[in-house]
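Single-structure report; data block below.
The values are calculated or read from the model by the stated rules, or taken from the named source; none is laboratory data. These numbers were taken from a predicted model, which means no experiment stands behind them. Cβ coordinates were reconstructed from backbone atoms using ideal geometry, including for glycine residues, and neighbour counts include every protein chain displayed. Quick note on the areas: whole protein, heavy atoms, side chains included, nothing else; ligands and nucleic acids left out. Shrake-Rupley method; radii C 1.70, N 1.55, O 1.52, S 1.80 Å.
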Amino acid sequence: PGLRYKPLEDRFKHNVAISKKPEQTVNVIPTSSYQALATLITVNAQFDFIYVDGDHSGEGAMTDACMAWGLLRKGGIMLFDDYFWDHMPDVLDRPKAAIDAFMNTFTRRYKVTTVGYQIAIQKI
């Protein structure tokens, strides 16, 4: 948290401002995803779209996906970034293995809508 993430937060806000539709709402919580998701869980927040793009570790992707799943409304989309990110030699240090494990666990509760560098699933 704090100044260390400020350039990333500024870039994120800029990208959102130029891409979101006027009727869409985007909430930015400038803290770790773990802390933000815990807060959102405690207030029973619900979302139509969740974008999972964290620290590129398998552990981070798995934690974010599992915590965020309960926040996603039926029919909502969860989009995972960096599905084919390969900048670490050990596949267990990449998001794909964790995303695949998450998807295998929840396989009866979603349908895949997009596969590429990003993968999107829709909650059913």
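Quick one: residue 104 ticks every box in (1) under 15 Å from residue 37 (Cβ atoms); (2) assigned to a helix (DSSP H, G or I); (3) at pLDDT 95 or above bar one, so which box is it?
(1)
Can you find a residue that is over 22 Å from residue 101 (Cβ atoms), charged (D, E, K, R) and more than 12 Å from the chain's Cα centre (by Cα) anywhere in segment 49-72?
no
Out of (1) open to solvent by 60 Å² or more (accessible area, probe 1.4 Å); (2) assigned to a helix (DSSP H, G or I), the odd one out for residue 112 is which?
Condition not satisfied by residue 112: (2).
Taking the criterion of being open to solvent by 80 Å² or more (accessible area, probe 1.4 Å) and either among the small types (Gly, Ala, Ser) or within 15 Å of the chain's Cα centre (by Cα) (or both), would at least one residue in segment 89-106 satisfy it?
No, segment 89-106 has no match at all.
Six or more apart or on different chains, Cβ atoms under 6 Å: show the pairs whose first residue is in segment 45-60 and in contact (Cβ under 8 Å) with a residue 12 or more places away in the chain and whose second is aromatic (Phe, Trp, Tyr) and open to solvent by less than 20 Å² (accessible area, probe 1.4 Å).
Pairs that qualify, where the first residue is in contact (Cβ under 8 Å) with a residue 12 or more places away in the chain and the partner is aromatic (Phe, Trp, Tyr) and open to solvent by less than 20 Å² (accessible area, probe 1.4 Å), are 52/80.
How many residues are over 12 Å from residue 69 (Cβ atoms) and within 13 Å of the chain's Cα centre (by Cα) when one looks only at segment 107-121?
Residues that pass the stated criteria total 3.
Taking helices (runs of 4 or more DSSP H) that do not extend beyond segment 4-77, which have at least 1 residues that are among the small types (Gly, Ala, Ser) and surrounded by fewer than 17 Cβ atoms within 10 Å (Cβ to Cβ)?
In segment 4-77, the matching helices (runs of 4 or more DSSP H) lie at 6-19, 33-42.
Looking at segment 115-124 only, could you name the residues that are open to solvent by less than 40 Å² (accessible area, probe 1.4 Å) and not charged (D, E, K, R)?
116, 119, 120, 121
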